[in-house]
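Here the structure is laid out as structure tokens; the discussion comes afterwards.
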Amino acid sequence: MKPKGEIAMIVKSFVLKQQSVGKIARLIDDKTVAVVRPQRKIEALFREAIRKTLQEKKQADDQLALIQAYFLEMSEDDTYQKSVQSTVESIATYLREGMYVQTQPYAVEDYVMAKCARLCAQAVNAHVGAAFIDGTEIMLCRTDARGQQHFDWQSSRREIKARCESAPWPVIISGGYGRLDTGYIVRVGKDGAHLMATLIAEVLRADAVEFHIEDHGVNGISAMTYDEAAHYCASAKAPFSSSAIWPAKNAGIPILVKDIADDSFAGTLISTGSAHKTAVLSDKDLALVTVYGTGLLGRVGMSGSIFSCLAQADVNVRFIAQTSSEYSISFAVKEEDQAKAEEAIRGLFKDNPLLPLDDVIVANQAVGIVTIFGSKMRNTPGTSAAVYDKLGAAGINIIASAQGGEELSISVVVAASDVDKAAQLLR
């Protein structure tokens, strides 16, 4: 590894489409470490093969044939073609065995999807001829005493340093999946390939990171600070997870987010540069669940108990608001998770005889969240007033609201029918 300063080293993360393999290969030179993950279309085909095998208990021959054809068309290299055929056959064998063995579906999916990511990286490598690293060998996770899985930052940094510094450039790595200390393959968060890219950049002291994705940068915005991007990427519509930003922010490495299919947009630059003007995001198809009653008053750990039982029910919370009176807690979840959330909360109250019977749950269906965010909001008096005044003047009722103490965002919950109108007003 050449010392920093002698070479402009860039870590690039790619979403592979069959028609883009040649373009991706041309973007990889001897100054590049590339992380490759599959497009959603091929991921869906792999997941359909898994579903058919584990749920229907049928052979997924049709899906596997399509998968093999998809990858074989990307390169005529003989070694690559043999590798594709061997990998697809190993997946077929693994799935056939899974039909008769009691196993967790997520464990099967993670194993097979890691194979998908590996095939994508090998497809690109068939055009480049670079050093190849299986991402599951450098992204390490661990299981704690309670059986919960965690990403092991320090061990991963050590493994990245050991494997990537000794490899000749360029390097191509399969992205998105890691390995537990037990040996099992696991998915690394949402779009873990981007986290892998920024973590590698941090460890290798890269000059820049590039995300080549299936979207027009970050909402078509030309430049954002790290904090602004983190707020945006907390949205359900975000092209990647906020967690992918932090290693780059810690090391002061700029991230350029580009559209893999459209060169007309220069991309979104995420850095320590000047703040972007305030931007607006909206999430729809949500339900606002409100828990209120005297059972919440002065009870230490009540909020923790509520959100713990939601986590155990696998319900993701998109918004939280609590009054200082401690009389109510409101949170937004996907509409499809509303019944599950209510059941979990009712179970918590039912199983605790100390809670009074007047505690109830109210669910306001068909709501949405509109969030205005940006670094220029910080230390600017009247920002909240302007938001509420605009919505009030337009006859839009605010059901609930929340503002972060870092003064970077304000979120309001409104009726689903008002979401688009509210977002347009605040832009």
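The values are calculated or read from the model by the stated rules, or taken from the named source; none is laboratory data. Treat the numbers as computed from the prediction; the structure is a model and nothing was measured. Counting neighbours? That spans all protein chains shown, and the Cβs are built from the backbone with ideal geometry, glycine included. Side chains included, ligands, DNA and RNA excluded: accessible areas come from the protein's heavy atoms. Shrake-Rupley method; radii C 1.70, N 1.55, O 1.52, S 1.80 Å.
Numbers below:
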{"item": "Two-decimal log10 I(q)/I(0) for segment 188-255, as the Debye equation yields it once each C-alpha is a single scatterer, q = 0.26 Å⁻¹", "result": "-1.30"}
{"item": "Cα pair distances in the chain, grouped into 20 Å bins until the bin that holds the longest one, percent each", "result": "23, 51, 25, 1"}
{"item": "Highest-first arrangement of 186-193, 260-267, where packing means the average Cβ count within 10 Å", "result": "186-193, 260-267"}
{"item": "Cα centroid separation, segment 182-208 to segment 123-181 (Å)", "result": "7"}
{"item": "Protein accessible area in segment 362-427, 1.4 Å probe - carbon and sulfur %", "result": "50"}
{"item": "Extension gain from A311 to D62, taking 0.36 nm per residue of separation minus the Cα-Cα distance", "result": "86.0 nm"}
{"item": "Heavy atoms of T93 accessible to a 1.4 Å probe, total area in Å² rounded to 10", "result": "50"}
{"item": "Potential lengthening between T182 and Q55 on full extension [0.36 nm per residue; Cα-Cα distance subtracted]", "result": "43.1 nm"}
{"item": "Accessible solvent surface per residue of segment 119-171, calculated while the other protein chains remain in place, 1.4 angstrom probe, Å²", "result": "47"}
{"item": "Mean projected area (nm²) of the alpha-carbon convex hull when segment 1-91 is viewed from all directions", "result": "7.5"}
{"item": "Of all accessible heavy-atom area on segment 1-99, the percent that carbon and sulfur account for (1.4 Å)", "result": "48"}
{"item": "Simple label model, 7 Å out from Cα along Cβ direction - E214 to A145, nm", "result": "4.3"}
{"item": "Global geometry of segment 99-176, whether rounded, prolate or oblate, following the gyration tensor of its Cα atoms and the 1.5 cut on a/c", "result": "oblate"}
{"item": "Alpha carbon centroid spacing (whole Å) that separates segment 106-121 from segment 224-266", "result": "25"}
{"item": "Estimated inter-spin distance, I320 and T290, nm [label 7 Å along Cα→Cβ]", "result": "1.9"}
{"item": "Charge context of A230, other residues only, Cβ under 11 angstrom, K/R +1, D/E -1", "result": "-2"}
{"item": "When each of K340/K390; K12/K390; K41/K284 is checked by Cα-Cα distance, pairs over 32 Å", "result": "K340/K390; K12/K390"}
{"item": "Per-pair calculated FRET efficiency, R0 = 56 Å: V362 and A8 via Cβ, rounded to 0.05", "result": "0.50"}
{"item": "Residue-averaged [θ]222 nm for the chain, counting only DSSP H segments that reach four residues, each worth -39500 (n - 2.57)", "result": "-12000 deg cm²/dmol"}
{"item": "Net length gained if the chain between A234 and A251 were fully extended (0.36 nm per residue, minus Cα distance)", "result": "4.0 nm"}
{"item": "Residue of A65, A248, A145 that the Gaussian network model of the chain assigns the largest fluctuation, springs spanning Cα pairs under 10 Å", "result": "A145"}
{"item": "Distance (nanometres) between label positions extended 7 Å along Cα→Cβ at Q424 and E97", "result": "5.7"}
{"item": "Cβ-Cβ FRET estimate between D207 and A261, R0 fixed at 25 Å, reported to 0.05", "result": "0.50"}
